[in-house]
Structure formats: C-alpha cells, structure tokens
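Novice: Got a structure for you, written out below as structure tokens; questions coming shortly.
The values are calculated or read from the model by the stated rules, or taken from the named source; none is laboratory data. The shown structure was predicted, so the numbers you read here are calculated from the model rather than taken from an experiment. Ideal geometry is used to build each Cβ from the backbone, glycine not excepted, and the neighbour counts take in all protein chains shown.
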C-alpha cells in the first residue's frame with residue numbers, strides 16, 4: 001500500500017529527525033560518505049520553520065506513522081528542496097518519488113519557475129534518482145548567487161566539490 005502524502009503540521013517536527021537519521025544509515029555503504037550516518041539531523045526548530053511555511057510534506061504508512069518527509073522553502077520564483085528523507089525500512093518503495101511529486105505539484109500550483117536542490121553526483125539514490133524525476137544538473141557557471149552560496153556552505157561542512165551538484169526541475 002503506497003504511503004499517504006500530506007503537508008506536515010507542527011506536531012510532526014519532533015518526529016522528523018529520527019526519519020532523517022534512519023535514512024542516512026544507507027550512507028554507511030559508501031566508505032567516503034559513511035560519516036553522514038553520524039551527522040546531526042536538521043533541528044526541530046528548522047523543521048518548525050519550514051512546516052509553518054507550508055513547504056514540508058510528510059509520508060505516512062497505513063497506520064498513519066510518519067515514514068518520510070521532504071522539506072523545502074520558497075526563494076523568489078523557486079522552491080528549494082533542503083531534505084528528502086525516507087525511513088530505511090521504506091526506501092525503494094516509491095515514497096521519495098511521491099514526496100517529490102508533492103513538491104512539484106506545489107510549484108505548479110504556485111506558478112513557480114523551478115524546483116532546485118543540491119545532491120551527490122555519484123550516489124545512485126541521489127543525482128541519478130533526481131534525473132529520472134526530470135531534474136537536470138546545472139553547470140557551476142549557471143548558478144545564481146543563492147545556489148552558489150548553498151554549495152559553498154556544503155563544501156565548508158566537508159562535502160567534496162567534485163561530488164556535489166545543483167539540479168533544477170523546470171515547472172513549465
């Protein structure tokens with residue numbers, strides 16, 4: 001039975017870090033990225049902020065338990081995805097795809113221009129997954145100031161520049 005997707009509500013914020021931590025365990029399979037499994041998740045305060053903006057969606061299982069989420073924020077005419085996480089036990093079942101579709105639907109109904117994100121270029125469930133969802137990698141030279149700053153911040157937190165990319169999905 002596919003997950004039900006809905007907008008997150010304030011009571012969900014405290015549940016999201018555990019989902020993110022569970023999702024990150026899959027990085028243990030990649031030696032150079034295994035440290036991500038131990039990285040701190042997004043703070044509850046940040047989740048509450050994104051939930052208040054109505055740009056956070058949650059996936060519920062058949063017993064209405066949160067199993068995944070997508071957190072994003074509007075920046076001008078773009079919606080930027082900051083995090084897509086699905087509990088490890090639910091990965092590979094279409095939950096992430098359905099969360100992306102919810103964000104795309106929001107972007108369409110809000111008449112935005114792009115849905116953007118940063119991701120790993122060589123991790124199968126990152127850039128290749130987003131490519132299958134219609135996202136296209138942007139050249140570093142084509143990045144606006146906001147997207148370039150996000151990548152720069154990621155480099156400061158230990159991400160290797162050659163491993164990261166910005167991707168965009170054109171709404172129209």
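Novice: (1) in contact (Cβ under 8 Å) with a residue 60 or more places away in the chain; (2) surrounded by 14 or more Cβ atoms within 10 Å (Cβ to Cβ); (3) more than 27 Å from residue 3 (Cα to Cα): which one isn't true of residue 158, the others all being true?
Specialist: Condition (2) is where residue 158 drops out.
Here's the yes/no breakdown for (1) crowded, with 19+ Cβ neighbours inside 10 Å; (2) under 23 Å from residue 125 (Cα atoms); (3) touching a helix residue (DSSP H, G or I) at 6+ places or on another chain (Cβ under 7 Å):
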{"position": "74", "(1), (2), (3)": "no, no, no"}
{"position": "77", "(1), (2), (3)": "no, no, no"}
{"position": "95", "(1), (2), (3)": "yes, yes, no"}
{"position": "100", "(1), (2), (3)": "yes, yes, no"}
{"position": "105", "(1), (2), (3)": "no, yes, no"}
{"position": "110", "(1), (2), (3)": "no, no, no"}
{"position": "114", "(1), (2), (3)": "yes, yes, no"}
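Novice: Where residues in region 117-147 are free of Cβ contacts under 8 Å to residues at least 12 places away in the same chain, out of contact with any strand residue (DSSP E or B) (no Cβ under 7 Å at 6 or more places or on another chain) and part of a loop (DSSP other than H, G, I, E, B), which of them is farthest from residue 94 (Cα to Cα)?
Specialist: 144
Novice: Say we look at region 31-60 and pick out the residues that are in a loop (DSSP other than H, G, I, E, B) and at pLDDT 90 or above; which of these is surrounded by the most Cβ atoms within 10 Å (Cβ to Cβ)?
Specialist: Here is the first cut: in region 31-60, the residues in a loop (DSSP other than H, G, I, E, B) are 39-43, 53-55.
So of that shortlist, the ones also at pLDDT 90 or above come out as 41-43, 53-55.
Values: 41: 18, 42: 18, 43: 12, 53: 12, 54: 12, 55: 22.
In this case the residue turns out to be 55.
Novice: To continue, here is another question. Closer than 19 Å to residue 3 by Cβ, within 16 Å of the chain's Cα centre (by Cα) and either touching a residue at least 60 places away in the same chain (Cβ under 8 Å) or not in a loop (DSSP other than H, G, I, E, B) (or both): which single residue out of 81, 150 fits that description?
Specialist: Working: 150 fails: closer than 19 Å to residue 3 by Cβ.
Sole residue among the options that is closer than 19 Å to residue 3 by Cβ, within 16 Å of the chain's Cα centre (by Cα) and either touching a residue at least 60 places away in the same chain (Cβ under 8 Å) or not in a loop (DSSP other than H, G, I, E, B) (or both): 81.
Novice: Taking into account only those residues within region 102-116 that are under 16 Å from the mean Cα position of the chain (by Cα) and free of Cβ contacts under 8 Å to residues at least 60 places away in the same chain, which is farthest from residue 78 (Cα to Cα)? Steps first, answer last, please.
Specialist: Let us first name the residues in region 102-116 that are under 16 Å from the mean Cα position of the chain (by Cα), namely 102-107, 114-116.
In the following step, the residues that additionally are free of Cβ contacts under 8 Å to residues at least 60 places away in the same chain were identified as 103, 105-106, 114-116.
On the way: 103: 11, 105: 13, 106: 11, 114: 5, 115: 6, 116: 7 Å.
So the residue we want is 105.
Novice: With respect to the numbered conditions (1) under 22 Å from residue 108 (Cβ atoms); (2) out of contact with any helix residue (DSSP H, G or I) (no Cβ under 7 Å at 6 or more places or on another chain), which one is the sole condition not fulfilled by residue 166?
Specialist: Single failed check for residue 166: (2).
Novice: Among the residues of region 2-24, is any surrounded by 14 or more Cβ atoms within 10 Å (Cβ to Cβ), out of contact with any strand residue (DSSP E or B) (no Cβ under 9 Å at 6 or more places or on another chain) and either in contact (Cβ under 8 Å) with a residue 60 or more places away in the chain or part of a helix (DSSP H, G or I) (or both)?
Specialist: Checking region 2-24: at least one residue is surrounded by 14 or more Cβ atoms within 10 Å (Cβ to Cβ), out of contact with any strand residue (DSSP E or B) (no Cβ under 9 Å at 6 or more places or on another chain) and either in contact (Cβ under 8 Å) with a residue 60 or more places away in the chain or part of a helix (DSSP H, G or I) (or both).
Novice: Another one. Please tell me if residue 69 is under 25 Å from residue 155 (Cα atoms) and touching a helix residue (DSSP H, G or I) at 6+ places or on another chain (Cβ under 6 Å). Talk me through it step by step, then tell me what you get.
Specialist: Details: under 25 Å from residue 155 (Cα atoms): yes; touching a helix residue (DSSP H, G or I) at 6+ places or on another chain (Cβ under 6 Å): yes.
Answer is yes for this residue.
Novice: Out of all the residues in region 109-116, is one or more in contact with a strand residue (DSSP E or B) (Cβ under 6 Å, 6 or more places away or on another chain), in a helix (DSSP H, G or I) and at pLDDT 95 or above?
Specialist: Looking for residues that are in contact with a strand residue (DSSP E or B) (Cβ under 6 Å, 6 or more places away or on another chain), in a helix (DSSP H, G or I) and at pLDDT 95 or above, one finds none in region 109-116, hence no.
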